[in-house]
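Presented below is the structure to which this report refers.
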Amino acid sequence: MNRLIATLAAFGLASGPALAASGDYGFFSLRNTDFIVLLSFLAFIGVLVYFKVPALLGGLLDKRAEAIRADLDQARRLREEAQEIYASYERRQREVKTQAEQIVANARREAEANAAKAREDLDRSIQRRLQAAQDQIGSAENDAVRAVRDRAVAASIAAASEILAAQVRAGNRSAGIDDAIADVARRLN
């Protein structure tokens, strides 16, 4: 390999542009610079092929392509995962929204039921108090009527006693009865 490089280097130096500048010797002459450049280029390509540089470059490009392909696959997987997570969050958000609506509806129904129950309890309480007040009024009326009746009876008895005592003493029976009736009537009114 070193011999090949040394031969090419010697060939390139020996057939340099200085030798080619002296005249026109045709294309395939070592004095033609275009032919020298062509030979140098072919030698360079040969050295690259000999050292398997295209295979190395191809291997590097294949590795790079595989790395890019792996990155694309990973990006695709990450995108799919992100879409799944996003869909999951959207589902969860809809579920939470539905649950919140249900909670609000339940709270509204419970509040309405509690308000209706409170109204019924208040109505019952008012009815009980009205009934208790009416019972107290009725009891007070009965007590007042009984008290008036008792006083009237007591007054009647007292008047009758006085009249009877006066009649027995005076002997005026009919006048005493009339006076007693008038006295009872006066005391009742």
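Values computed for the structure shown
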{"quantity": "Yes/no for R76 being more than 17 Å from the chain's Cα centre (by Cα) and in a helix (DSSP H, G or I)", "calculated": "yes"}
{"quantity": "Candidates R149, R108, filtered to the one that is more than 30 Å from R186 (Cβ to Cβ) and either in a helix (DSSP H, G or I) or not small (G, A, S) (or both)", "calculated": "R108"}
{"quantity": "Test result for I163, surrounded by 10 or more Cβ atoms within 10 Å (Cβ to Cβ), in contact with a helix residue (DSSP H, G or I) (Cβ under 7 Å, 6 or more places away or on another chain), among the aliphatic types (A, V, I, L, M) and part of a helix (DSSP H, G or I)", "calculated": "yes"}
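Yes or no, residue by residue, for (1) surrounded by 11 or more Cβ atoms within 10 Å (Cβ to Cβ); (2) out of contact with any helix residue (DSSP H, G or I) (no Cβ under 6 Å at 6 or more places or on another chain); (3) at pLDDT 95 or above:
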position	(1), (2), (3)
F27	no, no, no
F51	yes, yes, no
L56	yes, yes, no
I68	no, yes, yes
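The values are calculated or read from the model by the stated rules, or taken from the named source; none is laboratory data. Since we're looking at a predicted model, the values are computed, not measured. Glycine gets a Cβ as well: all are built from the backbone with ideal geometry, and neighbour counts include every protein chain shown.
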